[in-house]
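In what follows, a structure is listed as structure tokens, so that the remarks can point back to it.
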Amino acid sequence: MDADSATMVAATLAILVAFVASVPLLYRLLFTGAGDKTTGKPLPPGSFGLPVVGHTLSLLRALRANTAEEWLRRRAAAYGPVSRMSLFRRPTAFLVGPAANKFLFTSPALTTMNSESFSRMVGRRTLRDVAGDDHARVRAMMVQFLKLDAIKRHVAAMDAEVRRHLDANWRGRAAVAVMPSMKSLTFDVMCTVLFKLGSDAAVREELSTEFQKLARGIWAVPVNVPFSTFSRCLAASRRGRRAVAAVIEERRDKLRRGESSPTDDVVTHMLAGGLPDEEITDNIIFLMIAAHDTTAALITFLLRQLDANQDAYAKVLQEQVEIAQSKAPGEALSWDDLTRMKYTWAAAMETLRLIPTSFSILRKAVYDVEHGGSVIPRGWNVMNAMTMTHWDPAIFPDPGRFDPARFEEPSAAAIPPFSFVPFGGGARFCPGNEFARVETLVAVHHVVTRFRWKLAAGCDGSFSRFPMPYPSQGLLIDVEPIDPLH
Ligand code: HEM
């Protein structure tokens, strides 16, 4: 090695050593200031963990192993109801308790935020990307089709979809994987009821295929290199968007020719409301994401809970059989029938308490804001975890026990506000909750009155989170048809 090269190597080494030595300092400067200088309030207690990775890998591992609740509980026990951590390379305030849920859902200092993968797969102009008047306007367009009056009109259509699905996919089979089956059912219901896509339409098939792939991409690492999961999902997203664009075009033509009305379906309604095509596409894909996996998980995990709690199953069965026996052969369920399914819905709520489909809600601070004696600086992410209140023994005694009676009156009325939040809260409270309720009740009615079923041998009912809960083997059950009661 000549002198110049030696000098170069020495200089490079020196820079490297200086950089490595300064990482902790840089990290502290960037992420761990003492707090707010004007109010004197400290930052939330805790640590940011390892540089760069922070707590991300540790939490992801816990989610996969279904120990994330325990992981978070340990943090809350160590640092209290407001603490800091670093997730996905962002400083994050982790909040616990009903007051924290209220703050997260209602504080004007917090705004919704999407991961880069979500934005690349779904779009950057969804309902989640808008706030204030824009949010209210687009949300109203969706609510038009999700509010109770509209849902009541959809009961018969949902009933027909559920019967068709069970006849085609359950009857004649000895075993069924519930989660994939329910995903396909909820996708079909959504296409029929919200988008008015005929069951034979090729576009429905195409959308379903591409949609499954793009939904996987939302949780993929956003590295767009050839053959990566992300790039494959991105290609599916592009194809899915083209399919939605074709639907928009077809609906626009119909509207121009006077062959349709804005009340027909969500796409036509958004077109008539003047939303640009790009924004309609983003919102249609977002609605598909919001509507279908969540409800599929609820129905699947409700069946899991019923299998494990035969007393509750017997009560659900009795309620549903009584309704079935009051109907004429082949007669569809009506809204009145659904209002009689009180115990079944209480069992569904108890399922959402134990296994909420959304693990946590994320927001971002748009300005410095105080909560629980700490200051959360502008730009930080803020997150809760639903199970921190859902599993709190002070709110739900013996929280691990499956007890639908908690959601029957008078107990239900005594649940403190912001303690049970599976559908969120505040201005972003899930507008699809009634839709999910009707879909779940109709599906459970036909499953329990048309099939004897139990978990298949070897299926233990365990599950992981990705972060949506997903049961092992898709919750494989043995099924045996029984004669329809109506
Ligand atoms: C069991 C089923 C469901 C659960 C547990 C659920 C849960 C949630 C939660 C927790 C939020 C709030 C997210 C946040 O605050 O960041 C939300 C928002 C939303 N949900 Fe649902 N959801 C379900 C079904 C549905 C269905 C069936 C639809 C539509 C048909 C739907 C449409 C939406 C929409 C559009 C939003 C965004 C609201 C906004 O930002 O204003 N959801 N959902």
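For the chain, the relative contact order comes to 23 percent (Cα pairs under 8 Å, sequence separation of at least 6). Distance between the modelled labels on ALA140 and ARG61, one decimal in nanometres: 5.0 nm (7 Å Cα→Cβ projection).
Annotation for ARG256 and ARG238: the two label points, set 7 Å from Cα along the Cα-Cβ direction, are 2.7 nm apart. Extension gain, GLU249 to ALA99, is 49.3 nm, computed as 0.36 nm per intervening residue step minus the present C-alpha separation. Entry note, the range 145-271: relative contact order of 20 percent, from Cα contacts under 8 Å with a spacing of 6+ residues. Note on LYS254: aspartates and glutamates with a C-alpha under 13 Å away, same-chain residues under 8 apart excluded, are ASP264, ASP265.
For the listed peptides 132-139, 344-351, 317-324, 97-104, a ranking on the average number of other beta carbons within 10 Å per residue, highest first, reads 344-351, 97-104, 317-324, 132-139.
The share of Cα pairs per 10 Å bin across the range 359-407, counted from zero up to the longest distance, runs 22, 34, 25, 18, 2 percent. Among the GluC sites (Glu not before Pro) within the range 147-221, not one is in coil by DSSP while having at most 15 neighbouring Cβ atoms inside 10 Å. Sites listed here are trypsin sites (Lys or Arg not before Pro) in the range 186-271 whose DSSP assignment is loop and whose Cβ has at most 13 other Cβ atoms within 10 Å: ARG257. If R0 is 22 Å, the Cβ-Cβ spacing of THR229 and ARG89 corresponds to a FRET efficiency of close to 0.65.
Size estimate for the range 109-203 follows the Kirkwood approach: the inverse of mean 1/r over distinct Cα pairs works out to 16.2 Å.
In the chain, the longest principal axis of the Cα atoms and the axis of helix 132-146 are about 20 degrees apart. For SER472 and GLU278, the difference between the fully extended length at 0.36 nm per residue and the C-alpha to C-alpha distance is 66.1 nm. Computed from the Kirkwood radius of its Cα pairs, the Stokes-Einstein diffusion coefficient for the chain at 25 °C and 0.890 mPa s stands at 100 µm²/s. Using the alpha-carbon atoms, what tilt in degrees (0 to 90, nearest 10) does helix 3-31 show relative to the longest principal axis of the chain? Rounded to the nearest ten degrees, it is 60.
Between ALA414 and ARG164, full extension at 0.36 nm per residue minus the direct alpha carbon distance yields a gain of 86.0 nm.
Sorted on the mean count of surrounding Cβ atoms within 10 Å across their residues, most packed first, peptides 398-410, 366-378, 116-128 read 116-128, 366-378, 398-410. With the simple model of a label 7 Å out from the Cα in the direction of the Cβ, ARG124 to SER47 spans 3.7 nm. Could you work out [θ]222 nm for the chain from helices alone, using -39500 (n - 2.57) per DSSP H run of at least four and dividing by all its residues? Round to the nearest 500 deg cm²/dmol. That calculation yields -17500 deg cm²/dmol at 222 nm. Once the Cβ-Cβ distance of GLU116 and LYS454 is raised to the sixth power relative to R0 = 45 Å, the FRET efficiency obtained is 0.60. In terms of the mean number of neighbouring beta-carbon atoms within 10 Å, the peptides 222-228, 288-294, 152-158 order highest first as 288-294, 152-158, 222-228. Once both axes come from the Cα atoms, what is the angle between helix 178-193 and the longest principal axis of the chain, in degrees from 0 to 90, rounded to 10? Value to nearest ten degrees: 80. May I ask which of LYS183/LYS364; LYS315/LYS454; LYS213/LYS315; LYS196/LYS315; LYS147/LYS183 have a Cα-Cα span longer than 27 Å here? Where the Cα-Cα span goes over 27 Å, the pairs concerned are LYS183/LYS364; LYS213/LYS315; LYS196/LYS315. Shape descriptor for the range 315-408: Rg over Rh equals 1.21 (Cα atoms; Rh from the Kirkwood inverse mean 1/r).
Since every read-out is calculated from the coordinates, none of them should be taken as a lab result. Bear in mind that the values here come from a model prediction, so they are computed numbers and not experimental data. Counting neighbours? That spans all protein chains shown, and the Cβs are built from the backbone with ideal geometry, glycine included.
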